[in-house]
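Read through the structure below, which is laid out as structure tokens, and then see the notes.
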Amino acid sequence: MEIKSVGVVGAGTMGNGIAQIFALGGFDVIMRDIKQQFVDRGMKTVQKNLERMATRGKISPEDKDAALGRITTTTKIDPLADRDLVVEAIIEDVDAKRELIQVLDAVCHDDAILATNTSSISITKIAAASKHPQRVCGMHFFNPVPVMQLVEIIRALQTADEVCTAIEDATRAIGKTPHQIKDSYGFVVNRVLVPMINEAINCLYEGLTAPEEIDAVMRLGANHPMGPLSLADLIGLDIVLDIMETLYQGFDDPKYRPSPLLKQMVDAGYLGRKTGRGFFKYSNG
Ligand code: NAD
């Protein structure tokens with residue numbers, strides 16, 4: 001199983017980063033979203049990122065142009081028919097992801113690998129929606145995708161060995177580091193990290209101190225490069241809540257109960273950087 005062409009479904013925070021790194025790694029990429037404006041926004045982000053890399057001398061202007069030339073965009077599903085690998089990065093909703101897998105089943109060739117970038121949903125459950133569940137695998141990138149080194153390769157109960165191997169090879173080919181993990185709610189990074197963020201939100205909810213202070217003490221006391229509330233704003237508070245809900249329901253354990261303040265923030269539409277306001281305010285969205 002050799003991967004040469006890649007489809008990315010979802011052109012949001014994660015999808016456009018995934019499209020960018022595969023294109024930079026020499027893969028032919030099609031990026032798909034449901035509306036032209038979302039595709040255009042994703043492509044604009046890729047362009048801006050690559051231009052910044054070229055200006056800083058991290059890539060040559062020729063590499064930038066070549067990478068941009070390797071990405072085509074679409075709002076249709078049919079162009080994904082010839083892809084060797086399709087990575088989905090749509091909303092964190094199990095029904096939406098299972099439905100998409102069925103749509104991809106109908107469109108893609110039988111040998112295509114279908115990878116999901118879900119943060120926490122059971123890969124086994126997503127794979128079960130496919131007619132060929134052995135070809136479904138988790139490929140969990142981290143935000144911001146062009147910067148973060150790790151990719152968790154999540155093996156569902158049904159995933160075939162050669163699928164994991166092909167995904168690991170593709171991960172190395174784009175300069176990232178794969179680590180293979182068995183499927184479980186939240187995998188490893190989010191199972192450890194997101195409850196820590198949730199607890200920081202509870203500290204704020206209980207009025208222990210101000211958001212800036214919570215971030216400062218965690219930077220200074222735990223040596224974290226970024227405070228947990230800034231990190232929540234970067235990830236997106238809706239995503240943080242989705243992950244907590246998945247852990248809470250999946251393990252049926254009250255230690256994963258989402259903070260009431262986190263729920264309120266999401267209800268208010270304060271989702272972090274992407275809406276210009278989360279625990280902190282952002283002037284550029
Ligand atoms: P996002 O909201 O920024 O982007 C999602 C995009 O998917 C939107 O542009 C939306 O229009 C599009 N979309 C929805 N349904 C679609 C469909 N059927 N076909 C095509 N496009 C569709 O979300 P995001 O932050 O990029 O997260 C995407 C996925 O990646 C989620 O599963 C999330 O849990 C996971 N993830 C997120 C992070 C993070 O830090 N944001 C990190 C790792 C994994």
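The values are calculated or read from the model by the stated rules, or taken from the named source; none is laboratory data. Fair warning: this is a prediction, and the values are worked out from it, not measured in the lab. All Cβ positions, even for glycine, are placed from backbone atoms using ideal geometry, and neighbour counts span all protein chains on display. Side chains are part of the model used for accessible areas, which takes the heavy atoms of the whole protein and leaves out ligands, DNA and RNA. Shrake-Rupley method; radii C 1.70, N 1.55, O 1.52, S 1.80 Å.
Relative to one another, the C-alpha centroids of region 157-202 and region 227-255 are positioned 16 Å apart.
May I ask you to give the percent of accessible area on region 203-285 that is carbon plus sulfur, with a probe radius of 1.4 Å? Could you put the intermediate results ahead of the total?
Numbers: 2300 of 4640 Å².
The C+S portion of the solvent-accessible surface of region 203-285 is 50 percent.
The rule of thumb for compact globular proteins, 2.2 N^0.38 Å, goes into the C-alpha radius of gyration of region 162-212 1.77 times. Working ranking of peptides 125-137, 96-108 by packing, defined as the average number of other Cβ atoms within 10 Å per residue, highest first, is 125-137, 96-108. With the convex hull constructed from alpha-carbon coordinates only, region 5-182 shows a mean projected area of 8.7 nm² over all directions. Full extension of the chain between Lys4 and Val192 yields a length gain of 64.3 nm, computed as 0.36 nm times the residue separation minus the alpha carbon distance.
Would you mind getting me the FRET efficiency between Ala268 and Lys182? Use the beta-carbon distance for r and R0 = 35 Å, nearest 0.05.
Step by step, r from the Cβ atoms, then E = 0.40.
Peptides 19-30, 250-261 ranked from most to least packed, by the mean per-residue count of other Cβ atoms within 10 Å: 19-30, 250-261.
Applying D = kT/(6 pi eta Rh) to region 191-275, where Rh is the Kirkwood radius over alpha-carbon pairs, T corresponds to 4 °C and eta to 1.567 mPa s, the Stokes-Einstein value obtained is 101 µm²/s.
Using the beta-carbon distance between Thr55 and Ser283 and R0 = 30 Å, what value does 1/(1 + (r/R0)^6) give for FRET efficiency, to the nearest 0.05? Write down the numbers at each step before the final one.
Values: r = 22 Å, r/R0 = 0.73.
Given R0 = 30 Å and the Cβ-Cβ separation, E is 0.85.
Less than 5 angstrom separates the built amide H of Leu271 from those of Arg277, all sequence-distant by 5 or more or on a different chain.
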